[in-house]
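Engineer: Submitted below is the structure of interest, expressed as structure tokens.
The values are calculated or read from the model by the stated rules, or taken from the named source; none is laboratory data. Keep in mind it's a predicted model, so treat the numbers as computed, not measured. Cβ: placed from backbone, ideal geometry, glycine included. Neighbour counts: every protein chain shown. For the accessible areas, the whole protein counts, side chains as well, though only heavy atoms, and no ligand, DNA or RNA atoms are used. Shrake-Rupley method; radii C 1.70, N 1.55, O 1.52, S 1.80 Å.
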Amino acid sequence: MGHGLEASYLIAGTDRPKVDRAVERLRARFAPEAVELHAASELSGEGAVASCNTLGLFGGEGRLILVEGVEVWKAPDAKAVAVYLRSPVPETTLALVGAELSKDAPLAKAISAGGGELLLWDVPKRGLQKWLGEQFRLHGGSADPEACRTLLELVGEEMYDLNSEVDKLVTWAGGERIAAADVERLVAARAETTNFALTDAFGARDLVAVLYASESLLERTGDPRARTIPRLVAILTSHVSRLRTAQALEAGGVTSKDAAATLRQHPYYVAKLYQQARNFAPEELGQVTVRLARLDHALKGGSHLSPELELERALIEITAPANGRRQNHTSS
């Protein structure tokens, strides 16, 4: 199905669930084989423009050029996008995804001036965490700051739902202080929050948890698996891109606290990225990026195997420790 006019989007913010949902909804408008995934850490603005200008095999059906992590782009990248949007390629959609970006940022101005859409979501997480701590006290209990953060990740921002979970947790705790592990054990994740379970499990290199989280994501959605699996791959690709950014920053002597200010992300989230990135050698994350690209190609018709099998094989390869992967390749 054609998409009529060309389009452009900037999807960004510190509220990753909303950003990820917006990206998933956009991808759902295109055939899986018509979606090109790129990381801004490896592709400049000019490179993105070149991808748009390259005639795709499925150009007549509408193409989506999706670039993740554009918060690292500079003014020249924004300028290249602005020039391109003066005469964009028909039936081609350019979507730029990143962390917090203000409406006054050069990239946001380029998209807006080119007639594109700005989808920017930012959440005052610290304010909500403080409010949660107060709710625990009002209900006669107490909770660790990490427990409050975990509850936010699992439930979201709806205060009525949060208050109900607080009441349940305090009743269960019976006067004991509530820890993050208690929240994880007792609070059911909303559908949109299971992305964190997947990315956290991957970052911890916990293969069992990765396979469980991926299956949970597939079961929770009402969409066909052939449509959902590419979205899951996009989630992992985005997370790996952020891990590589964190790894590069730490290698350059930038602390996670300073990186949080630079990336305009919550300090806890960036600290978690730093911690997860240390579980991989730099070359490993590069190999993971390549493997996910191969998986993306397989899902677009490059393999005769089922999407479920291709996904499972890739998850095992990218999550298992390096020694384990080498042993697997040797035995095969």
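Engineer: In a Gaussian network model over the chain where Cα atoms closer than 10 Å are linked, find which of ALA251, ALA95, ALA34 has the largest mean-square fluctuation.
Structural biologist: ALA251
Engineer: Let me ask something else about it. Enumerate the lysines that LYS79 could reach by cross-link, defined here as Cα to Cα under 26 Å, with residues fewer than 8 away along the same chain left out.
Structural biologist: LYS103, LYS109
Engineer: Top mean-square fluctuation among LEU309, LEU211, LEU249, Gaussian network model of the chain, C-alpha springs under 10 Å?
Structural biologist: Among LEU309, LEU211, LEU249, the largest mean-square fluctuation in the Gaussian network model of the chain belongs to LEU309.
Engineer: Next up: Compare the Cα positions of LEU66, PRO76, ALA31 along the charge dipole of the chain (+1 at Cβ of Lys, Arg; -1 at Cβ of Asp, Glu; about the Cα centre) and return the one farthest towards the positive end.
Structural biologist: The residue sitting most towards the positive pole is PRO76.
Engineer: Once neighbouring chains are kept in place and the probe is 1.4 Å, which whole percent of the accessible area of the chain is contributed by carbon and sulfur?
Structural biologist: 54 percent
Engineer: Take the alpha carbon gyration tensor of region 87-157, find the square roots of its eigenvalues, order them as a ≥ b ≥ c, and report rounded if a/c is under 1.5; if not, report prolate when a/b exceeds b/c, else oblate.
Structural biologist: Prolate is the answer for region 87-157, as a/c is 1.5 or above and a/b outweighs b/c.
Engineer: With the Cα gyration tensor of region 165-277 giving a ≥ b ≥ c as the square roots of its eigenvalues, does the rule (a/c under 1.5 for rounded; else a/b larger than b/c for prolate; else oblate) give rounded, prolate or oblate?
Structural biologist: Oblate is the answer for region 165-277, as a/c is 1.5 or above yet b/c matches or exceeds a/b.
Engineer: At 0.36 nm per residue, and after removing the present C-alpha to C-alpha distance, how many nm does the segment from ASP161 to ALA251 gain when stretched out fully?
Structural biologist: Full extension of this stretch gives 28.3 nm more.
Engineer: On to the next question. For n ≥ 4 DSSP H runs only, could you compute -39500 (n - 2.57) per run for the chain, divide by its residues and tell me the 222 nm figure to the nearest 500?
Structural biologist: Working: 16 runs with 196 residues, N = 332.
One gets -18500 deg cm²/dmol as the mean residue ellipticity at 222 nm.
Engineer: Can you give the longest run of the chain that contains no trypsin sites (Lys or Arg not before Pro) sitting in a DSSP loop with at most 13 other Cβ atoms inside 10 Å?
Structural biologist: On the way: sites that count: LYS74, ARG86, LYS103, ARG177, ARG278.
The answer is 178-277.
Engineer: State the Cα centre-to-centre distance between region 131-179 and region 59-122 in whole Å.
Structural biologist: 39 Å
Engineer: By its C-alpha gyration tensor, with a ≥ b ≥ c as the square roots of the eigenvalues, how is the chain shaped: rounded for a/c under 1.5, else prolate for a/b larger than b/c, else oblate?
Structural biologist: In terms of gyration-tensor shape, prolate.
Engineer: Further question: Please give every one of the lysines within straight-line cross-link reach of LYS168, meaning a C-alpha to C-alpha distance under 20 Å, and leave out same-chain neighbours fewer than 8 residues apart.
Structural biologist: Qualifying lysines at Cα under 20 Å: LYS130.
Engineer: Taking a probe of 1.4 Å, how large is the accessible area per residue of the chain, in Å²?
Structural biologist: Ligands and nucleic acids excluded, the result is 48 Å² per residue.
Engineer: How big is the dipole moment of the chain about its Cα centre under a simple scheme where the beta carbon of each Lys and Arg is +1, that of each Asp and Glu is -1, and everything else is neutral? Debye, nearest 20, please.
Structural biologist: So the magnitude is around 400 debye.
Engineer: Checking understanding here: applying a Kyte-Doolittle mean of at least 0.0 and a length along the axis of at least 27 Å (C-alpha), which whole DSSP H helices in the chain pass?
Structural biologist: 225-251
Engineer: Need the list of aspartates and glutamates near LYS257 for cross-linking: C-alpha distance under 12 angstrom, and skip anything on the same chain fewer than eight residues off.
Structural biologist: Straight-line reach from LYS257, under 12 Å: no aspartates and glutamates qualify.
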